[in-house]
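Just so it is clear, none of the values below were taken in a lab; they were calculated from the coordinates. As the structure is a computational prediction, the values presented were derived from the model and not from experiment. As a convention, Cβ positions derive from the backbone with ideal geometry for all residues, glycine included, and neighbour counts pool all protein chains shown.
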Amino acid sequence: MKSKRRKRRSRKKNHILIILILCMVIAAIAIFAIGRIANKETNNQKKLDALTIEYQTVTNDSLKNVINSAGDIDVSVYTDDSVNVLNEAIQNAEDTIKKNASQDELDDSYLNLIKAIQSLQKK
């Protein structure tokens, strides 16, 4: 009789240990996932912060740099509408470079692209 009680107690202890271990594993996975999400948002914010501008003369090279930076943004975290605006601004900027545009056109493309980047809205 006593050995049956001991076995039951031992089984209960084993079940409790298994449940505790599973809880710890689930908590670790949740912490890992939250960390990945937070890191992704931080990286996107760093890219956006890097694009804060001071007035400068816009050149083809500076416009290309902003186009490249815009292309590096992880658009999966932003709404489709704001991503479409960004893609249109990127295309317009690329067209501006191809047609050897005037300084006013370069300035406009540059500013429109920056505005599109800054207007990205999270899902």
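Observations on the structure shown:
- Estimated from the Cβ-Cβ distance and a Förster radius of 41 angstrom, the FRET efficiency linking Ser76 and His15 is about 0.50.
- In Hz, Karplus ³J(HN,Hα) per residue of segment 97-105 (6.51, -1.76, 1.60; θ = phi - 60°; x = Gly, Pro): 5, 5, 8, 6, 6, 6, 4, 4, 5
- Gain upon complete extension [Asn68, Gln121; 0.36 nm per residue less C-alpha separation]: 17.1 nm
- Distant-in-sequence amide H partners of Tyr78 (H built 1.01 Å from N, under 5 Å): Lys123
- Gln91 sits among other residues whose Cβ lies under 13 Å from its own Cβ, and their net charge, with Lys and Arg +1 and Asp and Glu -1, is -1.
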